[in-house]
Amino acid sequence: MNPQVSVIYVNYNTSDLLIQSVKSLIAQCRRIPFEIIVIDNASREEERRSLKNGLDAIDQEQIKLVFSEINLGFGKANNLGTKHTKGNYLFFLNPDTIVVNDVLSLFYNFLESADKRIVACGGNLLKDDFTPNYSYGNFPGLLYEVCSIGIGLRILINKYYLKHIFIGKKIKESVIVKAPYIIGADVFIRARCFKDMKGFDENFFMYYEETDLFMRLHKKGYESYILPDAKIIHFEGGAVGNTSSTIFNHKKFELTFKSKLYYFSKWYSPYKVSLLKVIMLLQIIVQYIKGKQGNNFKMLLSIYWQIMRTSQDTKALPVCSR
């Protein structure tokens, strides 16, 4: 039977997590025909062997494993995965996830019966203790960055902040929710629409690529929703090799900063991008004064100035001011 859904994973040294996720997907989703595409992003040799052996042991004909000789980044690797798909729907799923119930049926049936302007949906992401995790969010903006400096500005507008500004939201009720953007850990989207949008912007190596995709969909008048009954555990940070909230991840800081700067350069005016650079420097300084950076301060400043020196290329990016 031809697959209706193509599930795409990107692996980078997370073979154990990915195999666990694949097993949960196969165990829970039995109604809708689907295929699985796994792109390995130049993992270590032992990880690649572990991944191949683990997937072979599952013995599922619908699994296709593709090895990349270089680390393409998240968006570009997912775009590569779509070239191997046959389904009418694409499901981008992180390796650090466990599928709790038949999410494919819920997603598929929702979009099959939905208006064509509704093109994507996501699930109710949970922590490993089944408490709510971030599932969707508002589009990033300067006001969010100002509130993130750490000088108490958020307290003055807390209700408005949580509803209209905060970029991470959790599902607290069993009601379908319209989402500005869906967290990239689980994105279910019409394949034709994704390809019409030219996929993920490959200028993002990691972070903000899904936010940018949903901004482009939003600009075209498309809509996306979160289905609370579709439950997925997300071990946040596992896909980038950091599951501990007590260990500061310098690489994540650098990648996030670069992607954020590119995202703002693409969707905001040069004036607002300049303000963002100042605000991010203030964030680093204030957090250091409050004692939250410690020995990381000099390294963060070094990363900041290095990115500033190499950010001139962003001036050539297309700008859609708002």
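Just so it is clear, none of the values below were taken in a lab; they were calculated from the coordinates. All values derive from a computational prediction rather than experimental measurement. FYI the Cβ positions are ideal-geometry reconstructions off the backbone, even for glycines, and counts take in every protein chain you see.
Among N13, N41, N203, whose mean-square fluctuation peaks in a Gaussian network model of the chain (Cα, cutoff 10 Å)?
N203
Extent of the chain along each principal axis, from alpha carbon coordinates, in Å, largest to smallest?
Largest to smallest, the principal-axis extents are 57, 46, 41 Å.
Of K172/K290; K127/K170; K178/K231; K116/K195; K86/K195, which pairs sit farther than 20 Å apart, going by alpha carbon to alpha carbon?
Numbers: K172/K290 32 Å; K127/K170 11 Å; K178/K231 17 Å; K116/K195 15 Å; K86/K195 13 Å.
Pairs exceeding the cut-off: K172/K290.
I need D201, D196 ordered by Cβ neighbour count within 10 Å, fewest first.
Numbers: D201 20, D196 11.
Ascending number of Cβ neighbours within 10 Å: D196, D201.
Fewest Cβ neighbours within 10 Å first, please rank E254, E173, E145 accordingly. Each step should come with its number before you reach the end.
Values: E254 18, E173 7, E145 21.
With the sparsest Cβ surroundings first, the list reads E173, E254, E145.
Show that you can apply the helix-only estimate: for the chain, add -39,500 (n - 2.57) for every DSSP H stretch of four or more residues, divide by all residues, and state [θ] at 222 nm to the nearest 500.
Rounded to the nearest 500, it is -12000 deg cm²/dmol.
Which order results if C121, C147, C193 are arranged by neighbouring Cβ count within 10 Å, fewest first?
Starting with the residue having the fewest Cβ neighbours, the order is C193, C147, C121.
Taking the chain as a Gaussian network, where each spring joins two C-alpha atoms under 10 Å apart, which residue of L55, L261, L153 fluctuates the most?
L153
First obtain the Kirkwood hydrodynamic radius of segment 35-142 from its Cα pairs, then insert it into the Stokes-Einstein equation at 25 °C and 0.890 mPa s, and state the resulting D in µm² per second as a whole number.
The diffusion coefficient I find is 150 µm²/s.
Write down the Kirkwood hydrodynamic radius of segment 100-231, to one decimal in angstroms, obtained as one divided by the mean of 1/r over all alpha carbon pairs.
One decimal place: 15.7 Å for the Kirkwood radius.
Could you tell me what fraction of 2.2 N^0.38 Å the Cα radius of gyration of segment 250-316 comes to, as a two-decimal ratio? Let's see the in-between values first.
Working: Rg = 12.2 Å, N = 67, 2.2 N^0.38 = 10.9 Å.
In units of the globular-protein estimate, segment 250-316 measures up at 1.12.
Could you pull out which residues in segment 80-121 have an amide N less than 13 Å from a spot 7 Å beyond the Cα of A27, following the Cα-Cβ vector?
In segment 80-121, the label zone of A27 (backbone N under 13 Å from the point 7 Å along Cα→Cβ) covers 98-102.
Taking 7 Å along the Cα-to-C-beta vector as the label spot, tell me the V278-D115 distance in nanometres, rounded to one decimal.
With each label point 7 Å from Cα toward Cβ, the separation is 4.2 nm.
May I ask you to derive the FRET efficiency for D129 and S174 from their Cβ-Cβ distance with R0 = 30 Å, giving the value to the nearest 0.05?
So, using R0 = 30 Å, E works out to roughly 0.95.
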